[in-house]
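Have a look at the structure below before the remarks.
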């Protein structure tokens, strides 16, 4: 079942097209990564999903309705890139206010999350560091156990320990059935958590694939250590092998396709050591953007 579904979704700001003809489906129970550099249209898309912006064209459905419907909004947890809370409130006052709006104070969950993230909710928000304000946002987004979590650059400002704690929280809630829409430019974060990813550039969706398929389909990079130096053409003619670099007894090369022909050649040369450098999502992302480079990405705000 689709939790998020857009068709032809487009948003223009005057002559600038921030999101162009976006067709996207996020399925119930998945963690979907939405990737793109700053200015690619990620945050504009999340605002359209939440009805904080109205589309110029196209349609968007969230949890069977719209993000502007109060009943739908109660089922969504939002952690935006830029947090705008009343700085005069303490964390406790903010959480109580949000609980009244939702009709669920979630006091036990608030207390547990504050303890988990070492947050002093008795302090005013304007007294908190950037990282602690981010923790306030986490508690506000997760305490009511929403069906859909919309997370936009969610770990910005958190230290590495708290980042990992946040990742674990997301995985727990997803295991309990929550759907997660994770918008980020931090590729290792998305690779660690998401099952599928959409790549967006200059407002255009480049592609949607599973992380596993993206990683499986890419070129591998191998390094072979041999018992003695070999000539530069030692791997010439081996199917799939390219970008060969010979440095004494070490030979580095890429393999596009099955690796067994390269391994057979390495065995013929009596290889002593073989190291595989598997691509990660960041390698793939940069490659895709080089392949489909266009004009400079639009700047559409935060």
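The values are calculated or read from the model by the stated rules, or taken from the named source; none is laboratory data. Being a predicted model, the structure only gives us computed values, none of them experimental. Here Cβ is always computed from backbone atoms with ideal geometry, including for glycine, and neighbour counts include all displayed protein chains.
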### Message
Quick test for you: out of 159, 118, pick the one residue that is within 19 Å of residue 190 (Cα to Cα) and within 28 Å of the chain's Cα centre (by Cα).
### Response
159
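Filter the stretch 14-34 for residues that are in contact (Cβ under 8 Å) with a residue 24 or more places away in the chain and closer than 11 Å to residue 181 by Cα and give the result. Working first, answer last.
If we filter the stretch 14-34 for residues that are in contact (Cβ under 8 Å) with a residue 24 or more places away in the chain, which is where we start, we get 16-24, 26-34.
If the condition is that a residue be in contact (Cβ under 8 Å) with a residue 24 or more places away in the chain and closer than 11 Å to residue 181 by Cα, then 26, 27, 28, 29, 30, 31, 32, 33, 34 are the ones that fit.
Restricting to strands (runs of 3 or more DSSP E) lying wholly in the stretch 115-207: which have 2 or more residues that are in contact with a helix residue (DSSP H, G or I) (Cβ under 8 Å, 6 or more places away or on another chain), at pLDDT 95 or above and crowded, with 21+ Cβ neighbours inside 10 Å?
Numbers: elements: 148-152, 179-184, 196-201.
Qualifying strands (runs of 3 or more DSSP E): 148-152, 179-184.
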### Query
What number of residues within the stretch 132-145 satisfy the criterion of being closer than 18 Å to residue 176 by Cα and more than 19 Å from the chain's Cα centre (by Cα)?
4
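Given the structure, is residue 94 part of a helix (DSSP H, G or I) and in the same structural domain as residue 180 (by TED's automatic domain parsing)?
Details: part of a helix (DSSP H, G or I): yes; in the same structural domain as residue 180 (by TED's automatic domain parsing): no.
In short, no.
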### Query
Has the stretch 49-58 got at least one residue that is touching a strand residue (DSSP E or B) at 6+ places or on another chain (Cβ under 6 Å), crowded, with 22+ Cβ neighbours inside 10 Å and closer than 25 Å to residue 194 by Cβ?
yes
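Residue check: is residue 101 outside the structural domain of residue 42 (by TED's automatic domain parsing), crowded, with 17+ Cβ neighbours inside 10 Å and either within 17 Å of residue 155 (Cα to Cα) or at pLDDT below 95 (or both)? Steps first, answer last, please.
Details: outside the structural domain of residue 42 (by TED's automatic domain parsing): yes; crowded, with 17+ Cβ neighbours inside 10 Å: no; either within 17 Å of residue 155 (Cα to Cα) or at pLDDT below 95 (or both): yes.
No.
When you check residue 210 against the structure, is it assigned by TED's automatic domain parsing to the domain that holds residue 70 and under 30 Å from residue 89 (Cα atoms), yes or no? Walk me through how you get there before you give the answer.
Numbers: assigned by TED's automatic domain parsing to the domain that holds residue 70: yes; under 30 Å from residue 89 (Cα atoms): no.
Against the criterion (assigned by TED's automatic domain parsing to the domain that holds residue 70 and under 30 Å from residue 89 (Cα atoms)), residue 210 does not qualify.
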### Query
Which residues, taken from the stretch 230-263, are over 34 Å from the mean Cα position of the chain (by Cα), surrounded by 12 or more Cβ atoms within 10 Å (Cβ to Cβ) and more than 27 Å from residue 213 (Cβ to Cβ)?
230, 234, 235, 246, 249, 250, 251
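Looking at residue 71, is it in a helix (DSSP H, G or I), outside the structural domain of residue 134 (by TED's automatic domain parsing), free of Cβ contacts under 8 Å to residues at least 12 places away in the same chain and closer than 29 Å to residue 121 by Cβ?
Considered against the rule, which asks whether it is in a helix (DSSP H, G or I), outside the structural domain of residue 134 (by TED's automatic domain parsing), free of Cβ contacts under 8 Å to residues at least 12 places away in the same chain and closer than 29 Å to residue 121 by Cβ, residue 71 comes out as yes.
To keep it simple, each residue is scored yes or no on (1) in contact with a strand residue (DSSP E or B) (Cβ under 6 Å, 6 or more places away or on another chain); (2) more than 30 Å from residue 41 (Cβ to Cβ).
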residue	(1), (2)
84	no, no
87	no, no
112	no, yes
134	no, no
138	no, no
159	no, no
174	yes, no
180	yes, no
185	no, no
### Verdict on residue 211 being within 24 Å of residue 67 (Cα to Cα), within 13 Å of the chain's Cα centre (by Cα) and touching a residue at least 60 places away in the same chain (Cβ under 8 Å)
no
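I need a count of the residues in the stretch 98-114 that are part of a helix (DSSP H, G or I) and out of contact with any helix residue (DSSP H, G or I) (no Cβ under 9 Å at 6 or more places or on another chain). Quick ask: steps written out before the conclusion?
Taking the stretch 98-114 and keeping what is part of a helix (DSSP H, G or I), we get 98-102, 107-114.
Still in the list and also out of contact with any helix residue (DSSP H, G or I) (no Cβ under 9 Å at 6 or more places or on another chain): 100, 108, 111-112.
Total satisfying the criteria: 4.
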### Query
Is it fair to say residue 84 is free of Cβ contacts under 8 Å to residues at least 40 places away in the same chain, over 28 Å from the mean Cα position of the chain (by Cα) and either under 12 Å from residue 140 (Cα atoms) or not in a helix (DSSP H, G or I) (or both)?
no
